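Single-structure report; data block below.
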Amino acid sequence: MTNMESTGAAGQSAEAAMQVSTLVPDTALEQRRQSERRFALAPDLVTVRNLKMHFPVTEGALFNKVAAHVRAVDGISFTIRKGETLGLVGESGCGKTTTGRCILRLDHPTGGEILFDGKNLVDLDDKSMRALRRKIQVIFQDPYSSLNPRMKIGEIISEPMKVHRTEPNKAARDARVMELLNMCGLDPRFADRYPHEMSGGQRQRVGIARALSVRPEFIICDEAISALDVSIQAQIINLLEDLRDQFGLTYLFIAHDLSVVRHLCHRVAVMYLGKIVELAECDELYGNPLHPYTQALLAAVPVPDPDMEKVRSYRIVKGEVPSPMNPPSGCVFHPRCPLAVENCAKTVPEFRELRPGHWVACSVI
Ligand SMILES: Nc1ncnc2c1ncn2[C@@H]1O[C@H](COP(=O)(O)OP(=O)(O)OP(=O)(O)O)[C@@H](O)[C@H]1O
Ligand code: SF4
Ligand SMILES: [Mg+2]
């Protein structure tokens, strides 16, 4: 989304937020609010503190000289309570997947802490991490490439159970495959099919069944619905919501734009160039977006009503996202920010709680 458009002014952003809310049926919002009330006092399951992932960029004949670093994630902090869904939103390359990969320990962070149920994943040895891996699963964006085309669906769903030895024998695994297919809205006969015999939505249901097979506590959904048609997206979101409520699951739900996360998420964190710039409960963020970047993302959400689309006045946020190898000084958003003042290029804004539970990294507002 390089041609991002912004209202820039607070009044216009409120208008944009109101328009976005027209996309969401009242019943979905009410269900989410009920679930919010249920987990409000729940303990934290995931705590991320000052997480940094700086990838070295090497050069020289043997690629042994570190010439620079890509600051993919640059000091982010957030918590996710048990049973909560936190949305992580931002433009391509802002560090969402890297955040998820650090939690999964597929990347080893440069700095910071990731506490899962009180244990710091960054310090865990491989054996302890293996034991924890069962509890943290992932659903990927692309249901076409994330399933092995040579394996039958039953084998794909069984595999994590074999790896983590959660079901002792084949009969138990086969029974669990049937149960999972059923749970994910698929005919049990799909167990004997191959991924190419299924539609995109059906494959993503298989991805969800595979993640659920080892009874995880926490699931990272990395753009889990982005590759699907809009009508199928809604079905998968409903499935994720039902499963969350049924099994008390906790999700980190990663997405490019704000339009899809509102149905499912309780709170949303907005990322820009390796940093979290705003974090708030869903209704608060959509109703009262404070950071100019969040306002721009909200204004870019398509509105289905052509009359409303006509009255919406945009202001372009100029320029491309800068390189995370050489991020701007001060506030990283300052070269594109419609509200920037001279000091923005000099001082890194503090992440402040401007309203209860509503955190913003901007020193001007
Ligand atoms: N292993 C790596 N080595 C060097 N740079 C990397 C590596 N992995 C990611 N990056 C860079 O880190 C930045 C953040 O990447 P990341 O994949 O986390 O972004 P993203 O927000 O998930 O983007 P998208 O929405 O496109 O999936 C990008 O500039 C990317 O090129
Ligand atoms: S600190 Fe300055 S540049 Fe950054 S978001 Fe606020 S106004 Fe814009
Ligand atoms: Mg990504």
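The values are calculated or read from the model by the stated rules, or taken from the named source; none is laboratory data. Computed from a predicted model, the values in this text were never measured in an experiment. Backbone-built Cβ (ideal geometry, glycine too); neighbour counts: all protein chains shown.
Please verify whether Ala172 is part of a helix (DSSP H, G or I) and either out of contact with any helix residue (DSSP H, G or I) (no Cβ under 8 Å at 6 or more places or on another chain) or assigned by TED's automatic domain parsing to the domain that holds Glu281 (or both), treating the condition exactly as stated. Steps first, please.
Values: part of a helix (DSSP H, G or I): yes; either out of contact with any helix residue (DSSP H, G or I) (no Cβ under 8 Å at 6 or more places or on another chain) or assigned by TED's automatic domain parsing to the domain that holds Glu281 (or both): yes.
Here the answer is yes, as Ala172 does meet what is asked.
Could you list, in sequence order, the residues of the stretch 193-224 that are assigned to a loop (DSSP other than H, G, I, E, B) and either under 19 Å from Glu84 (Cβ atoms) or polar (S, T, N, Q) (or both)? Give the steps one after another, and end with the answer.
Step one: list which residues in the stretch 193-224 are assigned to a loop (DSSP other than H, G, I, E, B), which gives 193-194, 198-199, 213-217, 223-224.
If the condition is that a residue be assigned to a loop (DSSP other than H, G, I, E, B) and either under 19 Å from Glu84 (Cβ atoms) or polar (S, T, N, Q) (or both), then Ser199, Ser213, Arg215, Pro216, Glu217, Ala224 are the ones that fit.
For the stretch 90-123, how many residues are among the hydrophobic types (A, V, I, L, M, F, W, C), in contact with a Phe, Trp or Tyr (Cβ under 9 Å, 6 or more places away or on another chain) and more than 16 Å from ligand 2 (Cβ to nearest atom)? Lay out the reasoning, then the answer.
Taking the stretch 90-123 and keeping what is among the hydrophobic types (A, V, I, L, M, F, W, C), we get 94, 102-104, 106, 114-116, 121-122.
From what is left, the residues that are in contact with a Phe, Trp or Tyr (Cβ under 9 Å, 6 or more places away or on another chain) are 94, 103, 116.
With more than 16 Å from ligand 2 (Cβ to nearest atom) added as a condition, the list becomes 103, 116.
Residues that pass the stated criteria total 2.
Restricting to the stretch 267-281, count the residues that are over 29 Å from Pro328 (Cβ atoms) and buried (at least 24 other Cβ atoms within 10 Å of the Cβ).
Selection size over the stretch 267-281: 0.
Could you please find all residues in the stretch 313-338 being more than 24 Å from Ala68 (Cβ to Cβ) and surrounded by 18 or more Cβ atoms within 10 Å (Cβ to Cβ)? Steps first, please.
Of the stretch 313-338, the ones more than 24 Å from Ala68 (Cβ to Cβ) are 313-318, 337-338.
Those that are more than 24 Å from Ala68 (Cβ to Cβ) and surrounded by 18 or more Cβ atoms within 10 Å (Cβ to Cβ): Val317, Cys337.
Could you list, in sequence order, all residues of the stretch 329-364 that are outside any loop (DSSP other than H, G, I, E, B), free of Cβ contacts under 8 Å to residues at least 12 places away in the same chain and either within 8 Å of ligand 2 (Cβ to nearest atom) or under 29 Å from Thr79 (Cα atoms) (or both)?
Going residue by residue through the stretch 329-364, those that are outside any loop (DSSP other than H, G, I, E, B) are 334-336, 342-345, 351-355, 358-361.
Checking which are free of Cβ contacts under 8 Å to residues at least 12 places away in the same chain leaves us with 334, 342, 352-353.
Correct list: His334, Arg352, Glu353.
Give the residues of the stretch 215-237 that are over 17 Å from Gln141 (Cβ atoms) and without any contact (Cβ under 8 Å) to a residue 12 or more places away in the chain, sorted by residue number.
Within the stretch 215-237, just Ser231 meets the criteria.
Given the options Val138, Val89, name the one that is crowded, with 20+ Cβ neighbours inside 10 Å, under 19 Å from Leu249 (Cα atoms) and within 14 Å of ligand 1 (Cβ to nearest atom).
Values: Val89 fails: under 19 Å from Leu249 (Cα atoms).
Just one listed residue meets the conditions, Val138.
Each row is one residue, and each column tells you yes or no for (1) in contact with a Lys or Arg (Cβ under 9 Å, 6 or more places away or on another chain); (2) at pLDDT below 90; (3) of a type in the set (S, T, N, Q); (4) closer than 15 Å to Val364 by Cα.
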position: Ile254; (1), (2), (3), (4): yes, no, no, no
position: Val260; (1), (2), (3), (4): no, yes, no, no
position: Arg312; (1), (2), (3), (4): no, yes, no, no
position: Met325; (1), (2), (3), (4): yes, no, no, no
position: Cys337; (1), (2), (3), (4): no, no, no, yes
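Anything in the stretch 316-365 that is among the aliphatic types (A, V, I, L, M) and within 16 Å of ligand 1 (Cβ to nearest atom)? List them, or say none. So that I can check it myself, show each step before the final result.
Going residue by residue through the stretch 316-365, those that are among the aliphatic types (A, V, I, L, M) are 316-317, 321, 325, 332, 339-341, 345, 348, 354, 360-361, 364-365.
Hits for the stretch 316-365 are Val321, Met325, Val332.
Select, from Ser226, Ser213, Ser231, the only residue that is more than 16 Å from ligand 2 (Cβ to nearest atom) and in contact with a helix residue (DSSP H, G or I) (Cβ under 6 Å, 6 or more places away or on another chain). Give the steps one after another, and end with the answer.
Values: Ser226 fails: in contact with a helix residue (DSSP H, G or I) (Cβ under 6 Å, 6 or more places away or on another chain); Ser231 fails: in contact with a helix residue (DSSP H, G or I) (Cβ under 6 Å, 6 or more places away or on another chain).
Result of the check over Ser226, Ser213, Ser231: Ser213.
Which of the residues belonging to the stretch 172-192 are on the phi < 0 side of the Ramachandran plot and not hydrophobic (A, V, I, L, M, F, W, C)?
Those that are on the phi < 0 side of the Ramachandran plot and not hydrophobic (A, V, I, L, M, F, W, C): Arg173, Asp174, Arg176, Glu179, Asn182, Asp187, Pro188, Arg189, Asp192.
Might you let me know whether the stretch 65-76 holds any residue that is away from ligand 1 (no atom under 13 Å from the Cβ) and surrounded by fewer than 16 Cβ atoms within 10 Å (Cβ to Cβ)? Spell out the reasoning first.
Going through the stretch 65-76, the residues away from ligand 1 (no atom under 13 Å from the Cβ) turn out to be 65, 75.
Add one more test, that the residue is surrounded by fewer than 16 Cβ atoms within 10 Å (Cβ to Cβ), and what stays is 65.
The answer is yes; a qualifying residue exists.
As an exercise: evaluate Asn288 against (1) of a type in the set (S, T, N, Q); (2) within 30 Å of Gly330 (Cβ to Cβ); (3) not assigned by TED's automatic domain parsing to the domain that holds Ile80 and give the number of the one condition it does not meet.
(3)
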